[in-house]
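Peer 1: Quick one: the structure is below, and I'll ask about it shortly.
The values are calculated or read from the model by the stated rules, or taken from the named source; none is laboratory data. Everything quoted here is computed from the prediction, not taken from an experiment. Note that we place each Cβ from the backbone using ideal geometry, even for glycine, and neighbour counts take in every protein chain shown. Ligands, DNA and RNA are excluded from the accessible area calculation, which covers all protein heavy atoms including side chains. Shrake-Rupley method; radii C 1.70, N 1.55, O 1.52, S 1.80 Å.
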Amino acid sequence: MNTWIERQRGLIDTTVANLRRRKARNLGLLLAYVLLVFLLASVVLFGDGMRREARLLLEEAPELVVQRLTAGRHDLMPAQWLERIADLRGVAAVEGRLWGYHHDAAVGANLTLQVPREAAPAAGRVHLGATLARLRGLAPGDVLSLRDHAGQPHAFVVEALLDSRSELVSADLVLLGEADFRAFFGIAAGLYTDAALRVVNPLETRTVAEKVLARLPATRVISREEMRRTYDAVFNWRQGLPLMVLSVLLAAFALLAWDKASGLSAEERREIGILKALGWDSGDVLAMKLWEGALLSLLAFLLGYTLAWLHVYYAGAPLFEPVLKGWSVLYPHFALAPEVDISRIVSLALLTVLPYVAATLVPVWRAATLDPDEVMRE
Amino acid sequence: MIFQPAALALALLLASSLNALGLAVAGLFALRMLRHWHPDIGSEAQIALERRTHLVSTLVVLSLLLSLPMLALFTHTADAMAPFFAGAMCAVGSLKANAWGLPALAVMLVGFFLAAAWLVLHRLDTRGWDQPLLLAKYRLLLLLAPLALAQAALLWLYFGGLKAEVITSCCGSLFGPAATGTLAELSALPEAIARPLFFLTLALTLAAGATLLVRGRLGRAFGVLAGLNFVVALAAIVAFIAPHIYEQPHHHCPFCLLQAEHGYAGWLLYPLLFLGTAAGLGAGLAAGVRAQSLHNEAPRLAAALARIAVAALASFGAAVSFYLWRSNLVM
Amino acid sequence: MIELVGVGKTFNPGRDNEFHAVREVSLSIEAGRVTALRGPSGSGKTTLLGLIGGLTRPSVGRLRLHGRDISALPERFLTALRRDTFGFVFQQFQLIRDLSVLDNVMLPAVPTGRPHADIRARALRLLDEVGLGRRAAARVQWLSGGEAQRAAIARALINDPPVILADEPTAHLDSALSRQILEILAELRRCGRTLVIASHDPLVFEMDLVERVVDLRDGRVLA
């Protein structure tokens with residue numbers, strides 16, 4: 001066992017000396033390696049952060065949302081329907097919600113206008129998402145002017161900005177009072193966008209949903225579980241795009257590594273020949289070369305992962321925001337909560353180190369099995 | 001295909017595909033090796049074959065190094081995916097979301113033990129001047145290669161066939177009073193039988209291991225017992241260890257042990273059990289080698305492996321005893 | 001101690017550039033003596049030296065070390081045997097650039113797994129013996145030709161082999177330096193080592209060092 005350790009130590013010493021001797025040659029590969037780990041880790045860490053944020057938000061969402069359908073399309077829900085739902089056994093509370101989208105030509109984006117459940121702003125006043133406020137250059141006390149459904153301008157006084165912790169969803173949010181909302185969109189009293197349900201026993205959500213459908217067949221019932229899955233699917237899909245791009249990068253990197261490993265210079269061939277002539281067998285040279293790959297990978301991975309971690313959690317992931325948070329102009333600036341997840345580290349290591357090992361293994365083996373008498377044949 | 005969690009699934013697919021590719025190359029080489037190996041001829045073809053053995057052994061070593069993180073990652077991924085399948089509570093639900101999950105896991109396990117056995121043979125073979133285990137080694141490789149291909153295929157089928165809307169079953173349907181099948185019968189095994197059986201097998205295994213270490217005897221028996229102990233230990237986990245950890249008499253699932261609510265008990269128990277079993281089987285294998293050129297080397301390796309196996313299995317037994325002692329459950 | 005029986009080496013067999021470097025050589029090297037392989041360049045001296053030292057695998061024939069046939073040993077064992085039995089001194093010094101003299105000398109001992117401190121101590125002592133003690137930390141490309149060859153000899157001795165194989169040890173040195181190197185080789189002989197030297201340098205044969213000469217031409221031993 002001690003012999004084994006001493007031998008590995010000797011091999012590592014030699015490897016380190018070799019890496020130092022060929023600094024310039026290894027630096028290019030190391031940089032490419034670090035960049036690859038950095039990009040891949042950024043995408044994964046960022047996507048995970050987003051998913052977690054979304055899940056946190058959904059924890060506060062109602063268990064069931066009921067929408068009225070007319071000819072298969074979402075329609076406004078009359079207040080009487082809310083009462084018919086409230087009667088159902090197992091329903092703890094029902095409330096009509098008011099929300100809608102408005103295209104704001106000034107920032108070229110869709111805003112979400114919503115009447116909050118509690119603490120709605122007074123008439124003529126709104127609360128704004130921080131991103132929207134920044135884009136519009138608005139501070140509390142300023143006036144937000146929007147054109148209503150009839151094309152008439154409406155002026156709202158900005159009362160407050162929304163807490164930026166939940167900026168992922170609140171970026172494009174405008175909170176306003178019920179009367180203002182109805183006037184702005186021209187929605188008559190007694191009509192709601194949809195209904196939010198709380199159920200008595202969360203385990204019976206499915207049963208309650210079935211009862212709602214039985215009583216009001218012209219509705220669609222969406223559970224929180226389904227919403228969460230949709231969110232996840234959307235984020236995963238968005239994460240899938242850069243991952244596709246990165247898989248091309250991964251292949252390019254593997255090609256580079258392969259090229260570097262197989263394009264042995266005459267000098268390196270000579271050196272391996274010397275080692276073999278001096279009494280190193282193929283296994284020793286192979287082990288040294290594998291150590292070289294392992295040390296390079298470890299260094300690249302630590303650097304790349306640390307950089308990605310800082311990039312995502314402290315710099316706000318400026319590289320990926322437009323892609324991952326949607327194509328909207330209104331992408332928010334926010335900080336994800338830092339997290340270290342071992343399974344992510346393992347999978348990232350597999351994703352980056354394995355292609356390197358796979359690409360270099362055969363060239364390394366070829367180098368290691370050069371004939372020991374090669375140095376004598378000059 | 002749902003990419004959840006994307007990076008984990010991709011890493012697993014990449015790893016298993018490269019693993020399959022490497023072992024397929026190794027398997028094809030094994031065929032050539034078995035036909036054309038003539039160590040007493042210094043021909044170019046023979047030298048070329050000998051060179052290639054270095055590539056093949058490196059491939060299998062890397063494959064074994066890969067198999068443990070893959071096994072851990074796969075179980076973790078299945079566990080992490082559970083919230084996305086209606087009805088799933090833990091890894092079982094995700095694994096059962098289509099027909100390929102549980103077979104993939106089983107193939108991974110078998111592959112891990114076989115790769116470990118191969119490495120024991122390889123290590124011994126390279127230390128005998130006449131390479132006495134060469135043919136055995138390459139025959140075993142013919143078994144490993146298709147297994148790696150099957151593993152990759154199963155993982156592709158599994159991840160490729162996942163659909164979020166599938167309603168799967170929770171672990172209660174596999175390991176519970178309401179379930180049927182072998183696994184259900186295991187969970188129905190009364191603790192009064194399972195508990196003494198488990199501790200008896202473990203004690204016998206450890207005793208055989210100690211005999212191997214002290215007297216250099218009972219090596220092969222130790223290997224067999226380590227294998228038997230693995231089966232009994234898995235059955236015992238389902239029958240009574242898991243319920244004690246959950247403190248619920250009817251919760252027998254061996255996968256929920258991996259979750260945070262149960263203090264990640266599985267991440268302590270399983271690695272110890274797997275490591276101990278692999279080392280124990282390897283010790284038995286090494287002790288069974290009778291080649292003249294290895295008369296020093298084989299017992300030495302057997303002892304080294306037995307030391308690891310005994311330490312791991314004893315820790316496993318200690319950990320189980322601790323969980324049982326701490327549990328308030330009376331079954 | 002080393003016996004070659006009908007040994008031959010053919011490079012690129014069956015191809016257009018097929019080349020018989022050594023043909024059916026039977027030869028035995030006696031322990032404790034200095035044997036020289038003499039012949040013009042291209043006569044197969046270097047290949048034969050490689051065959052004797054187990055560096056080159058014979059295409060035909062048998063190689064015996066202390067009466068044991070080692071032609072069919074797996075690479076790993078052959079290498080270990082070679083490491084413990086032979087020290088090589090090559091024609092072009094064959095030191096590794098950018099490594100220190102000390103590191104170069106220690107290289108052949110790395111695969112043995114002996115403790116690092118032991119190897120280092122022995123390397124320093126050997127460097128002292130060949131008069132390079134103060135150059136241990138220098139990079140090898142800073143050495144003069146004579147110093148490089150002495151470093152190469154120290155390297156050949158690191159595993160304490162009973163046999164030293166030297167391929168044209170004086171080829172790139174002037175007479176004074178050549179004499180110095182031959183003096184060191186003579187000292188090794190006095191310490192009981194076996195030497196095999198391949199050379200066509202008359203100086204080697206002038207000195208009272210060589211005890212047996214094997215003449216080679218076109219890959220065959222001349223009677």
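Peer 1: Could you list, in sequence order, the residues of the range C:182-223 that are outside any loop (DSSP other than H, G, I, E, B) and over 19 Å from C:ARG150 (Cα atoms)?
Peer 2: C:PRO202, C:PHE205, C:GLU206, C:ARG212, C:VAL213, C:VAL214, C:ASP215, C:LEU216, C:ARG217, C:ARG220, C:VAL221
Peer 1: Residue check, C:ILE52 against (1) more than 11 Å from chain A (Cβ to nearest Cβ); (2) free of Cβ contacts under 8 Å to residues at least 12 places away in the same chain; (3) open to solvent by less than 20 Å² (accessible area, probe 1.4 Å), all met but one. Which one?
Peer 2: All conditions are met except number (2).
Peer 1: Can I ask one more? Let me confirm something: among B:ALA115, B:ALA97, B:ALA104, B:ALA78, which residue is assigned to a loop (DSSP other than H, G, I, E, B) and surrounded by 20 or more Cβ atoms within 10 Å (Cβ to Cβ)? Talk me through it step by step, then tell me what you get.
Peer 2: Working: B:ALA115 fails: assigned to a loop (DSSP other than H, G, I, E, B); B:ALA104 fails: assigned to a loop (DSSP other than H, G, I, E, B); B:ALA78 fails: assigned to a loop (DSSP other than H, G, I, E, B).
Among B:ALA115, B:ALA97, B:ALA104, B:ALA78, only B:ALA97 is assigned to a loop (DSSP other than H, G, I, E, B) and surrounded by 20 or more Cβ atoms within 10 Å (Cβ to Cβ).
Peer 1: May I ask you to list the residues in the range A:283-299 that are in contact with a Lys or Arg (Cβ under 7 Å, 6 or more places away or on another chain) and either more than 9 Å from every other protein chain (Cβ to nearest Cβ) or crowded, with 21+ Cβ neighbours inside 10 Å (or both)?
Peer 2: Result: A:VAL285, single match.
Yes or no, residue by residue, for (1) within 9 Å of chain C (Cβ to nearest Cβ); (2) surrounded by fewer than 18 Cβ atoms within 10 Å (Cβ to Cβ); (3) modelled with pLDDT of 85 or more:
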| residue | (1), (2), (3) |
| --- | --- |
| A:SER247 | no, yes, no |
| A:LEU256 | no, yes, yes |
| A:LYS260 | no, yes, no |
| A:TRP280 | yes, no, yes |
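Peer 1: May I pose another question? Please work out which one of (1) buried (at least 19 other Cβ atoms within 10 Å of the Cβ); (2) at the interface with chain A (Cβ under 9 Å from one of its Cβ atoms); (3) within 24 Å of A:VAL346 (Cα to Cα) is the condition B:LEU55 fails and give its number.
Peer 2: (3)
Peer 1: A further question on this structure: Among the residues in the range B:167-178, are any modelled with pLDDT of 90 or more and either under 20 Å from B:MET81 (Cβ atoms) or assigned to a loop (DSSP other than H, G, I, E, B) (or both)?
Peer 2: No, because not a single residue in the range B:167-178 is modelled with pLDDT of 90 or more and either under 20 Å from B:MET81 (Cβ atoms) or assigned to a loop (DSSP other than H, G, I, E, B) (or both).
Peer 1: Just the residues that are assigned to a loop (DSSP other than H, G, I, E, B) and surrounded by fewer than 18 Cβ atoms within 10 Å (Cβ to Cβ), please, taken from the range A:112-137.
Peer 2: Answer for the range A:112-137, where residues must be assigned to a loop (DSSP other than H, G, I, E, B) and surrounded by fewer than 18 Cβ atoms within 10 Å (Cβ to Cβ): A:PRO116, A:ARG117, A:GLU118, A:ALA119, A:ALA122, A:ALA123, A:GLY124, A:GLY137.
Peer 1: Look at C:LEU99 and say whether it is within 7 Å of another protein chain (Cβ to nearest Cβ) and over 27 Å from B:LEU55 (Cβ atoms).
Peer 2: Judged against the criteria, C:LEU99 is a match.
Peer 1: Just the residues that are open to solvent by 10 Å² or more (accessible area, probe 1.4 Å) and either over 30 Å from B:GLY93 (Cα atoms) or touching a residue at least 40 places away in the same chain (Cβ under 8 Å) (or both), please, taken from the range B:224-237.
Peer 2: Matches in the range B:224-237: B:VAL224, B:LEU225, B:GLY227, B:PHE230, B:ALA235.
Peer 1: What are the residue pairs meeting all of these: first residue in the range C:103-116, first residue in contact (Cβ under 8 Å) with a residue 24 or more places away in the chain and open to solvent by less than 20 Å² (accessible area, probe 1.4 Å), second residue among the charged types (D, E, K, R) and not in a helix (DSSP H, G or I), Cβ atoms under 8 Å, and 6 or more apart or on different chains?
Peer 2: C:PRO111/A:ASP281
Peer 1: Run C:LEU216 past the list (1) in contact (Cβ under 8 Å) with a residue 60 or more places away in the chain; (2) open to solvent by 40 Å² or more (accessible area, probe 1.4 Å) and report the number of the one that doesn't hold.
Peer 2: Failed condition: (2).
Peer 1: Report the residue count in the range C:5-33 for those that are free of Cβ contacts under 8 Å to residues at least 24 places away in the same chain and in contact with a Pro (Cβ under 7 Å, 6 or more places away or on another chain).
Peer 2: 0
Listed here are the residues, each with its yes/no results for (1) outside any helix (DSSP H, G or I); (2) of a type in the set (Asp, Glu); (3) facing chain A (nearest Cβ under 10 Å); (4) within 22 Å of B:LEU64 (Cβ to Cβ).
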residue	(1), (2), (3), (4)
B:LEU12	no, no, yes, yes
B:ALA15	no, no, yes, yes
B:LEU18	no, no, yes, yes
B:LEU21	no, no, yes, yes
B:ALA26	no, no, no, yes
B:LEU31	no, no, no, yes
B:LEU34	no, no, no, yes
B:HIS38	yes, no, no, no
B:ALA45	no, no, no, no
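Peer 1: Looking at the range A:279-295, I want the residues that are among the basic types (Lys, Arg) and have a partner that is part of a helix (DSSP H, G or I) with Cβ atoms under 7 Å, at least 6 apart or on another chain. Which pairs are those?
Peer 2: A:LYS289/A:VAL364; A:LYS289/A:ALA367; A:LYS289/A:ALA368
Peer 1: Another question, if that's okay. Being open to solvent by 40 Å² or more (accessible area, probe 1.4 Å), touching a Lys or Arg at 6+ places or on another chain (Cβ under 7 Å) and modelled with pLDDT of 85 or more: is that true of B:LEU213 here?
Peer 2: Answer is yes for this residue.
Residue-wise test of (1) at pLDDT 80 or above; (2) over 24 Å from A:ALA209 (Cα atoms); (3) acidic (Asp, Glu); (4) surrounded by 18 or more Cβ atoms within 10 Å (Cβ to Cβ).
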site	(1), (2), (3), (4)
A:LEU57	no, no, no, no
A:VAL66	yes, no, no, yes
A:THR70	yes, no, no, no
A:GLU83	yes, no, yes, no
A:ARG89	yes, no, no, no
A:TRP99	yes, no, no, no
A:VAL107	no, yes, no, no
A:ASN110	no, yes, no, no
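Peer 1: Turning to a different aspect of this structure: Within the range C:1-20, which residues are over 26 Å from C:HIS66 (Cβ atoms) and either of a type in the set (Gly, Ala, Ser) or touching a strand residue (DSSP E or B) at 6+ places or on another chain (Cβ under 6 Å) (or both)?
Peer 2: C:THR10, C:PHE11, C:GLY14, C:PHE19, C:HIS20
Peer 1: Tell me the residue from A:LEU36, A:LEU19 that is buried (at least 16 other Cβ atoms within 10 Å of the Cβ) and within 14 Å of chain C (Cβ to nearest Cβ), please.
Peer 2: After ruling out the rest, the residue left standing is A:LEU19.
Peer 1: To continue, here is another question. How about the range C:102-130: which of its residues are more than 7 Å from every other protein chain (Cβ to nearest Cβ) and among the charged types (D, E, K, R)?
Peer 2: If the condition is that a residue be more than 7 Å from every other protein chain (Cβ to nearest Cβ) and among the charged types (D, E, K, R), then C:ASP118, C:ARG120, C:ARG122, C:ARG125, C:ASP128, C:GLU129 are the ones that fit.
Peer 1: Please state which one of B:ALA287, B:ALA265 is more than 14 Å from chain A (Cβ to nearest Cβ), open to solvent by less than 10 Å² (accessible area, probe 1.4 Å) and at negative phi.
Peer 2: After ruling out the rest, the residue left standing is B:ALA265.
Peer 1: Scanning for something more than 14 Å from chain A (Cβ to nearest Cβ), outside any strand (DSSP E or B), open to solvent by 30 Å² or more (accessible area, probe 1.4 Å) and touching a Lys or Arg at 6+ places or on another chain (Cβ under 9 Å), does the range C:76-93 turn up at least one residue?
Peer 2: no
Peer 1: Any idea how many residues of the range C:162-210 are touching a Gly at 6+ places or on another chain (Cβ under 7 Å) and hydroxyl-bearing (Ser, Thr, Tyr)?
Peer 2: Total meeting the criteria: 1.
Peer 1: Continuing with the same structure: Of all residues in the range C:121-149, count the ones that are touching a Leu at 6+ places or on another chain (Cβ under 9 Å), of a type in the set (Gly, Ala, Ser) and open to solvent by 40 Å² or more (accessible area, probe 1.4 Å).
Peer 2: So the answer is 2.
Peer 1: Let me ask something else about it. Do you know which of the residues in the range C:29-42 that are away from every other protein chain (no Cβ under 14 Å) and more than 16 Å from the chain's Cα centre (by Cα) is most open to solvent (accessible area, probe 1.4 Å)?
Peer 2: Applying the first criterion (away from every other protein chain (no Cβ under 14 Å)) to the range C:29-42 yields C:29-36, C:38-40.
Then keep just the ones that are more than 16 Å from the chain's Cα centre (by Cα); that gives C:39-40.
Numbers: C:GLY39: 9, C:PRO40: 58 Å².
Filtering first and then ranking leaves C:PRO40.
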